[in-house]
1. Tally up the residues in the stretch 99-152 that are surrounded by 15 or more Cβ atoms within 10 Å (Cβ to Cβ) and of a type in the set (S, T, Y), please.
2. Which one of these does R61 not meet: (1) within 23 Å of W140 (Cβ to Cβ); (2) touching a helix residue (DSSP H, G or I) at 6+ places or on another chain (Cβ under 8 Å)?
3. Could you please give the count of residues in the stretch 111-146 that are among the aromatic types (F, W, Y) and closer than 30 Å to K59 by Cβ?
4. May I ask you to list pairs of residues, at least six apart or on different chains, whose Cβ atoms are under 8 Å apart, with the first in the stretch 70-95 being under 27 Å from Y132 (Cβ atoms) and assigned by TED's automatic domain parsing to the domain that holds D131 and the second being surrounded by fewer than 11 Cβ atoms within 10 Å (Cβ to Cβ) and of a type in the set (K, R)?
5. Tell me which residues, restricted to the stretch 57-111, are closer than 19 Å to N124 by Cα and outside any helix (DSSP H, G or I).
6. For the subset of the stretch 1-47 comprising residues that are in a helix (DSSP H, G or I) and small (G, A, S), which member is nearest to A155 (Cα to Cα)?
Amino acid sequence: MKQCRKCLKMLDDAKFYHHKTRKDGLTSYCRACNAINCKSYVARNREKKTAYQREWNAKNREKVNRQHREWRAKNWDKHQAMTDRWAERNPDGTLAHRLVRDAERKGEIVAPEVCECGCGSDRNILAHHEDYSKPFDIIWLSAVCHYQLHANRKAAGLE
């Protein structure tokens, strides 16, 4: 039994995280209080946390991609359900994506070798639509630039 320094409750040791540098091997806050502290920190430091996460993801791209592939393999039903929900909410987008994919397969359109934003990336070039009603009005972006564009638009309240 140990007392949490935050909520002051006497709790079983299993309610605390392990901490190898502490004398008793456990954190001073219980798991519930620790979760509250973490959420509070993230809320106060969202930009700093996001910048750190982006930097870490960029440095560990292969690991991140492997983890995503493993998650999709283990959770195929969840992945498919998310994809289906997006398709239901975005029928115009689904049609535009299908038309571009079919045109690429037929050789009617060809994705460029590098990202059109000017970053010079030649990895994972994707078709971005500003307007799904114009399926062949495309900007070709790397996956990173494509994600960043949508993140910026979402932050600006445009999506």
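1. Count: 3.
2. Evaluating R61 over (1) within 23 Å of W140 (Cβ to Cβ); (2) touching a helix residue (DSSP H, G or I) at 6+ places or on another chain (Cβ under 8 Å) leaves (2) as the failure.
3. First pass over the stretch 111-146, keeping only residues among the aromatic types (F, W, Y): 132, 136, 140.
Applying the additional criterion that residues be closer than 30 Å to K59 by Cβ yields 140.
Counting residues in the stretch 111-146 that are among the aromatic types (F, W, Y) and closer than 30 Å to K59 by Cβ gives 1.
4. none
5. Within the stretch 57-111, N60, G107, I109, V110, A111 meet the criteria.
6. Let us first name the residues in the stretch 1-47 that are in a helix (DSSP H, G or I), namely 13-15, 31-44, 46-47.
Going one step further and asking which of them are small (G, A, S), we end up with 14, 32, 35, 40, 43.
Details: A14: 40, A32: 30, A35: 26, S40: 20, A43: 15 Å.
The selected residue is A43.
The values are calculated or read from the model by the stated rules, or taken from the named source; none is laboratory data. The shown structure was predicted, so the numbers you read here are calculated from the model rather than taken from an experiment. Cβ coordinates were reconstructed from backbone atoms using ideal geometry, including for glycine residues, and neighbour counts include every protein chain displayed.
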